[in-house]
Amino acid sequence: MERTSGKPVFEIEGLTKVYGEGETRVQALRGVSFTVQQGEMVAITGPSGSGKSTLLAMLGAVDNPTDGRILLEGVDLASLSDERRTLIRRRRIGFVFQAFNLLPVLSAIENVSLPLELDGVSATEANRRAADALQLVEMLQRREHLPGMLSGGEQQRVAIARALAIEPAIVLADEPTGNLDSVNSQRVMQLLRRLVDEQQQTVILVTHDPVVAAMADRNLRMQDGQLQGGEAIEQAVQREAAAAISTQRA
Ligand code: ADP
């Protein structure tokens with residue numbers, strides 16, 4: 001059964017990232033290519049220093065690649081002005097972090113509605129959408145709680161609601177279970193799984209945890225700035241296809 005809609009959300013081609021120069025030069029990404037379809041959950045795994053965070057920063061339009069292309073919903077991020085890129089980051093990408101990053105002086109629902117209000121959505125509408133998102137993560141009953149009154153797992157569910165409230169094309173999660181015990185980690189992963197299966201949400205997450213990675217539809221394993229295994233083969237095929245096309249065009 002085809003579960004995904006088959007619509008590409010991310011098309012990544014030949015992504016390269018170099019930090020620094022001379023003696024401090026580090027090539028963090030060495031030609032990474034892959035596609036993520038709507039309604040897919042993809043886990044990025046690999047040892048420390050292999051380029052996972054760098055890749056996520058590129059996908060989130062937080063930093064620019066040195067070379068290569070990132071198409072988000074068919075739009076080349078490099079072709080956009082800084083202003084447009086900021087808008088895409090704010091409206092199409094939901095971020096979830098290991099440390100939850102909730103504002104401690106705001107209630108759960110205020111944390112979720114804030115990004116909407118900052119983006120110009122009226123307070124009433126932002127409140128309604130925040131309540132819907134909290135309902136989705138089963139945290140509506142805690143809407144008035146401050147983050148400090150919630151468990152780690154509950155805080156992460158609020159953070160996921162905040163990411164979802166903008167109705168993003170993609171949720172990018174950096175070690176979303178990194179600060180959670182195994183019970184809460186399972187709960188958060190089951191929530192993400194449900195969003196993917198029932199809402200056709202698309203999720204890319206970075207994780208060290210093999211149990212978490214096993215819950216994704218697909219694993220991309222990074223090693224020394226490159227994808228390993230099946231994806232490396234897929235990349236080679238794509239490179240050959242691209243070479244064949246450019247030969248045809250020439
Ligand atoms: P991972 O997330 O898999 O641990 P990173 O993407 O953080 O890997 O890092 C990949 C490589 O790039 C590492 O060698 C790291 O030291 C280097 N690196 C990451 N960020 C920077 C930066 N801002 N400046 C210089 N080097 C960096």
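A few remarks follow.
- Cα gyration tensor shape of the range 79-160, rounded if a/c is under 1.5, else prolate or oblate by comparing a/b with b/c: prolate
- Cα centroid of the range 180-217 to Cα centroid of the range 71-98, whole Å: 23
- Shape category assigned to the range 63-123 from the gyration tensor of Cα positions, a/c cut at 1.5: prolate
- Rounded percent of accessible protein surface that carbon and sulfur make up, the range 126-222, 1.4 Å probe: 47
- Solvent exposure of the chain amounts to 49 Å² per residue of accessible area, where only protein heavy atoms count and the probe is 1.4 Å.
- Solvent-accessible surface ranking, highest first, for F95, F34, F100 at 1.4 angstrom: F95, F100, F34
- Between 0 and 90°, nearest 10: helix 152-165 axis offset from the chain longest Cα axis: 70
- Using the Cβ-Cβ distance between R25 and R84 with R0 = 35 Å, the FRET efficiency computed as 1/(1 + (r/R0)^6) comes to roughly 0.70.
- When all protein chains stay in place and ligands, DNA and RNA are ignored, the 1.4 Å accessible-area order of L134, L87, L146, largest first, is L146, L87, L134.
- Cα-based helix-to-principal-axis angle, 108-118 vs the chain, degrees rounded to 10: 60
- A helix-only calculation puts the chain at -12500 deg cm²/dmol for mean residue ellipticity at 222 nm, using -39500 (n - 2.57) for each DSSP H run of at least four residues, averaged over all residues.
- Shape category assigned to the chain from the gyration tensor of Cα positions, a/c cut at 1.5: prolate
The values are calculated or read from the model by the stated rules, or taken from the named source; none is laboratory data. Predicted model, so just to flag it, every value in this text is computed and none were measured. Because the Cβ atoms are built from the backbone with ideal geometry, glycine has one as well, and the counts that use them run over all protein chains shown. We work out accessible area using only protein heavy atoms, side chains counted, and drop any ligands, DNA or RNA first. Shrake-Rupley method; radii C 1.70, N 1.55, O 1.52, S 1.80 Å.
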